[in-house]
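Structure first, then comments.
The values are calculated or read from the model by the stated rules, or taken from the named source; none is laboratory data. All values derive from a computational prediction rather than experimental measurement. Glycine also receives a Cβ, built like all others from the backbone with ideal geometry; neighbour counts cover every protein chain displayed. Just the protein is used for accessible areas: all its heavy atoms, side chains included, with ligands, DNA and RNA removed. Shrake-Rupley method; radii C 1.70, N 1.55, O 1.52, S 1.80 Å.
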2 protein chains.
Amino acid sequence: MLVLITYDISTKNKAGEKRLRNVAKVCENHGIRVQNSVFECVVNAAQFTQLKLTLNEIINKEKDSIRYYQLGNNYKSKVEHVGAKESIDVEDTLIF
Amino acid sequence: MLVLITYDISTKNKAGEKRLRNVAKVCENHGIRVQNSVFECVVNAAQFTQLKLTLNEIINKEKDSIRYYQLGNNYKSKVEHVGAKESIDVEDTLIF
């Protein structure tokens with residue numbers, strides 16, 4: 001299934017910058033960056049559970065936030081991209 | 001249906017900052033800001049078409065991007081929020 005991950009990380013200090021880097025790194029390992037703080041990941045249920053555990057451990061829950069959107073398996077018709085950077089076919093480019 | 005709107009607006013100059021303000025303003029008029037560049041909007045098909053037309057006119061398609069994700073009507077179980085700022089019930093708080 002496609003999972004969309006969006007995040008806001010507070011980068012007011014170095015610890016925040018580190019959290020941002022770490023969140024981005026974990027997301028990069030599981031999906032495709034489609035915008036600055038937006039990743040699309042094709043995962044199964046077990047991978048999704050593990051991914052959430054990992055990310056939720058990194059963030060500072062009082063300062064940062066992460067949102068997870070499950071778009072299911074038939075997601076291609078549900079996503080539209082307008083403007084810079086062409087949309088990427090997540091399943092064509094990912095190796096798990 | 002719930003539509004998720006995510007955007008990256010290039011704010012390297014004043015024109016970009018203005019586009020960012022305008023995109024945010026249109027989104028604020030149609031939905032709830034859930035993260036810095038992420039809005040959730042509950043719209044019908046006609047409203048969604050109009051919203052896209054309006055936003056796509058504002059952005060600079062060579063520099064900015066907008067993505068639209070259709071989450072359908074049964075979206076509540078598909079969205080998870082972790083961390084700062086509580087999740088908002090979009091339908092409870094919006095007036096169209």
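Just checking the output field for B:1-12: average partner chain Cβ neighbours within 10 Å of each residue's Cβ?
Values: counts 1, 1, 2, 8, 0, 9, 5, 8, 2, 2, 0, 0.
That average works out to 3.
Normalised by the number of residues in chain A, what is the relative contact order in percent for Cα pairs under 8 Å and 6+ residues apart?
Working: 116 pairs, mean separation 40.4, N = 96.
Contact order relative to length: 42 percent.
Using a label position 7 Å from Cα in the Cα→Cβ direction, what is the ascending list of nm distances from residue A:80 to the same site in the other copies?
Nearest to farthest, the other copies are at 2.9 nm.
Using a 10 Å cut-off on Cβ to Cβ distances, tally the other chain neighbours for every residue of A:62-73 and report the average as a whole number.
Numbers: counts 2, 2, 4, 11, 6, 12, 5, 11, 6, 6, 3, 0.
Mean number of neighbouring Cβ atoms from other chains: 6.
In whole percent, how big is the carbon plus sulfur part of the accessible area of region A:21-69, probe 1.4 Å, protein atoms only?
Values: 1070 of 2260 Å².
Ligands and nucleic acids excluded, carbon and sulfur give 47 percent.
Tell me, what HN-Hα J-couplings in whole Hz come from the Karplus equation 6.51 cos²θ - 1.76 cosθ + 1.60 at θ = phi - 60° for each residue of region A:11-20, using x for Gly and Pro?
10, 6, 9, 5, 4, x, 4, 5, 4, 4
Averaged across A:27-36, how many Cβ atoms of other chains sit within 10 Å of each residue's Cβ atom? Show your work: numbers first, answer last.
Working: counts 0, 0, 0, 0, 0, 0, 0, 4, 8, 6.
Taking the mean over all residues of the peptide, I get 2.
So which lysines pass the test for residue A:61, namely a Cα distance under 23 Å, with those fewer than 8 places away in the same chain ruled out?
Answer for residue A:61, where 23 Å is the Cα cut-off: A:12, A:14, A:18, A:25, A:52, B:76, B:78, B:85, listed by chain and number.
5 Å is the cut-off here: which amide hydrogens, built 1.01 Å from N in the peptide plane, fall below it relative to residue A:34, excluding neighbours closer than 5 in sequence?
A:39, A:40
Quick one: angle between helix A:45-58 and the longest Cα principal axis of chain A, in degrees between 0 and 90, rounded to 10, please.
Computed tilt is about 20 degrees.
Given the C-alpha centroids of region A:1-75 and region B:34-75, what is the distance between them in whole angstrom?
Cα centres, region A:1-75 to region B:34-75: 21 Å.
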